[in-house]
Amino acid sequence: MISREKIKELEAIALKIRRHIILMTCAAASGHPGGSLSAADIVTALYFYKLKHKPQDPTWPDRDRFVMSKGHAAPVLYAALAEAGYFPVSYLKTLRQLGSSLQGHIDMLSLPGIEMSTGSLGQGLSAANGMALACRLDKMSCRVICLLGDGECQEGQVWEAAMTAGHHKLDNLTAIIDRNKYQIDGKVEDIKGIEPLADKFKAFNWQVLFCDGHDMSSIISALENAEKVKGKPAVIIADTIKGKGVKFMEDNPLDYHGKAPTREEETLALECLREKESK
Amino acid sequence: MNETMPAGRQDKKAATRDAYGKTLLELGRENKDIVVLDADLSASTKTILFAKEFPDRFFDMGVAEQDMISTAAGLAACGKIAFASTFAVFGSGRAWEQVRISVAYTRLNVKIVVTHAGITTGEDGASHQANEDLAIMRVIPNLTVIVPSDAIEAEKAIRAIAAFHGPVYVRLSRLATPIINDNKDYNFQIGRGIIMREGSDATIVACGLMVSMALDAAEMLQKEGVSVRVVDLHTLKPFDKELIIRCARETGAIVTAEEHSIIGGLGGAVAEVLMENHPVPMARVGIKDMFGESGKPEELLVKYGLTPEEIAHAARSVIARKK
Ligand SMILES: Cc1ncc(C[n+]2csc(CCOP(=O)(O)OP(=O)(O)O)c2C)c(N)n1
């Protein structure tokens, strides 16, 4: 069981990460705050609790591998890597600038600590499967974790990959769906519904778990239960809110998918986050 | 240096895909980091030989080429040398964007080795005849693109790419084609074209099975007193610019010959380099801007203008255009 203090500590880190997301997208005047904020707690739980990794030695062979398939949510990953010590936090403000390692969508060759380049939705789970197969071949105990968007699940390749993981019984793999219920053009269920999502994964021979994607202990127990699953891959459907933590983004998720906050909105957003802190 | 290769021609024939299957098996025995993926075509692509001996290192991904390419990337990201095979149409076209982002952008050690390229795929018809793959693969940054001219060159190329770190696309054929490199001096280097035959009036730059036809064309022309050089440009990328410019300077006219659309492939690559560096009369022999059809490979080659006669004709025409 994770201690109350640890939960508090993780919540504080998640808040910092949310603040970075606002600051960096505002500074860049572009980027994807909504889907970054919805994944902030999950990514925090991974980098500051669950993943075996060494920020000082990013290519450590026994590390767990995290593939961020929804590559547009780069800001949340960059913020976590910076907070974890892969590079200075001050570098975050170079997001999307010419010459920066913080590319608009994540690029494994520009930044240590990134396992796979993404940005074209639908490819990450296949790559994660490849890593899981390689780790199994080499009898390595590390885990592979892949985060996908719910809109992303409309991509055919996701289901090719789901079939592959099920077929190969990849129990060293955990997929997480950031089920924030929105994509660019509208609600996922209005554009092209993906429900019943759990049944789909079950039909592809996955173990399905659920969590509240904004509750640290719920996220962590789901991640731990996923590791206990034997003989099949596990997927965690994380119930999340697009724009989580910033009231006006939560209220208008469609406006903040791929649009950065203005200076005024930045101030407002930081205020929202400060209120959260004092609670 | 690009040495002149006496064309050690014989009547022997072999398919480049068979050379691949055999070489891959040998490599599998030599290096346990080699893994192989296929998309339900292992008997045709010949990866089945590897699959039988190394079932643990072979992944049949089923009919899912996009998934196969990105999975290969994941395996490579964990240190494997991942060979992924299917037919050329699917490995290039269906999975193009997976090649672009999962493999090329990441510079991962993935070898996409495709078979059944071009019109000589034959009876299966247009859906299976990749006449556009070189154009769409050549344009992807970081990707090395190789088209072996015979089974011997295919074997050397497969060995070379296994030793080379980075993403590669290799285009192989279904059809058994003449062995033209049975020669102890033969030396394959990624990115370096080979002068197969010396000549002074024009140069025929060819790849794949068209190299053998170019040699036949050179033979025909010699009987008319016309001397043409023949270059096997097995690597389309990185492109051997120096060699092509040198051939243009020294012979004053160029013909390209490829079993591919005349748009965007070898002919396109040569034209780009000549226009900017040393324009000379040029003609492209290849498949016109059209789809293929069912037929026997030999019949299709004639119908679509991929013959020594067609190459010789093109050579006469560019020589006539020289000032
Ligand atoms: C293959 C592909 N098609 C389209 C896009 C453009 N795009 C970026 S994000 C996005 C919506 C993704 O929705 P979802 O997966 O739910 O992401 P989230 O809401 O978590 O940000 C789209 C269509 C893309 N990046 N890749």
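Put simply, the Cα atoms of segment B:13-178 extend 39, 31, 27 Å along their principal axes, the longest span coming first.
Provide the packing ranking of B:77-84, B:302-309, B:181-188, i.e. peptides ordered by the mean count of other C-beta atoms within 10 Å per residue, highest first. Before the final figure, lay out each step's value.
Working: B:77-84: 25.1, B:302-309: 17.8, B:181-188: 15.4.
Ranked by mean Cβ neighbours within 10 Å, highest first: B:77-84, B:302-309, B:181-188.
Using Cβ point charges alone (K and R +1, D and E -1), the dipole size of segment B:249-323 about the Cα centre works out to roughly 420 debye.
Legend: mean number of C-beta atoms from other chains within 10 angstrom of residue C-beta atoms, peptide B:34-42, equals 1. The mean number of Cβ atoms from other chains found within 10 Å of a Cβ in peptide B:56-69 is 5, as a whole number. When the Gaussian network model of chain B links Cα atoms closer than 10 Å, the mean-square fluctuations of B:Phe58, B:Phe164, B:Phe50 top out at B:Phe164. The orientation-averaged projected area of the convex hull spanned by the Cα atoms of chain A comes to 13.5 nm². In a DSSP loop and with at most 13 other Cβ atoms within 10 Å, the trypsin sites (Lys or Arg not before Pro) in segment A:164-243 are A:Lys230. Looking at segment B:194-321 alone, DSSP beta bridges between its own residues are antiparallel in about 20 percent of cases.
Checking the cross-link pairs B:Lys223/B:Lys288; A:Lys139/A:Lys202; A:Lys169/A:Lys228; A:Lys8/A:Lys232 against a 24 Å limit on the alpha carbon distance flags B:Lys223/B:Lys288; A:Lys139/A:Lys202; A:Lys8/A:Lys232 as lying beyond it. Mind running the shape call on segment B:46-94? Use the C-alpha gyration tensor, a ≥ b ≥ c as the square roots of the eigenvalues: rounded below 1.5 for a/c, prolate if a/b tops b/c, oblate otherwise. Judged from the Cα gyration tensor, segment B:46-94 comes out oblate (a/c at least 1.5, b/c at or above a/b). Any chance you could check the Cα centroid distance between segment A:1-79 and segment B:255-269 for me, in angstrom? Taking the Cα centre of each part, segment A:1-79 and segment B:255-269 sit 48 Å apart.
DSSP beta bridges fully contained in segment A:4-278 are about 5 percent antiparallel. For chain A, the longest principal axis of the alpha carbon atoms and the long axis of helix A:74-84 meet at an angle near 90°. I'd like the mean, over residues of B:75-86, of how many other protein chain beta carbons sit within 10 Å of each residue's own Cβ. So the per-residue partner count for this stretch is 4. What the Cα atoms of segment B:270-315 give is an Rg and a Dmax of 13.6, 40 Å. Sequence-ordered 3J(HN,Hα) estimates for segment A:45-57 from the Karplus curve with 6.51, -1.76 and 1.60 and θ = phi - 60° stand at 4, 6, 6, 10, 9, 8, 6, 7, 7, 10, x, 7, 9 Hz, glycine and proline given as x. Peptide packing for A:12-20, A:86-94 was compared via the average number of neighbouring C-beta atoms within 10 Å per residue; ordered from the highest value, the list is A:12-20, A:86-94.
Taking the C-alpha atoms only, the angle from helix B:151-163 to the longest principal axis of chain B is near 50 degrees.
For chain A, a Gaussian network of Cα nodes joined below 10 Å ranks A:Asn205, A:Asn129, A:Asn225 by mean-square fluctuation, and the top entry is A:Asn225. Charge dipole (Cα centre; +1 on Lys/Arg Cβ, -1 on Asp/Glu Cβ; no other charges) of segment A:129-262 amounts to roughly 500 debye. With a/c under 1.5 counting as rounded, go ahead and sort segment B:194-321 into rounded, prolate or oblate using the C-alpha gyration tensor (a ≥ b ≥ c being the square roots of the eigenvalues; past the cut-off, prolate if a/b is larger than b/c, else oblate). Taking the square roots of the gyration eigenvalues as a ≥ b ≥ c, segment B:194-321 is oblate. Computed 3J(HN,Hα) for segment B:310-322, one whole-Hz value per residue from the Karplus formula 6.51 cos²θ - 1.76 cosθ + 1.60 where θ = phi - 60°, is 4, 5, 4, 4, 4, 5, 4, 5, 6, 5, 5, 7, 5, glycine and proline marked x. For chain B, the Kirkwood estimate of the hydrodynamic radius, built from every pair of different alpha carbons, is 19.4 Å. Looking at chain B alone, DSSP beta bridges between its own residues are antiparallel in about 20 percent of cases. Note that the protein assembly as shown presents 38 Å² accessible area per residue, ligands and nucleic acids not counted, probe 1.4 Å. Axis angle, to the nearest 10 degrees, between helix B:16-30 and the longest C-alpha principal axis of chain B: 40 degrees.
Counting pairs of alpha carbon atoms under 8 Å apart in space and at least six apart in sequence, what relative contact order in percent does segment B:194-321 give?
Once divided by the residue count of segment B:194-321, the mean separation gives 29 percent.
Cα centroid separation, segment B:83-134 to segment B:144-187: 16 Å.
The values are calculated or read from the model by the stated rules, or taken from the named source; none is laboratory data. The structure displayed is predicted, hence computed values, not measured ones. Here the Cβ is made from the backbone with ideal geometry for all residues, glycine too, and neighbour counts use every protein chain on show. Surface accessibility is based on the protein's heavy atoms, side chains included, excluding ligands, DNA and RNA. Shrake-Rupley method; radii C 1.70, N 1.55, O 1.52, S 1.80 Å.
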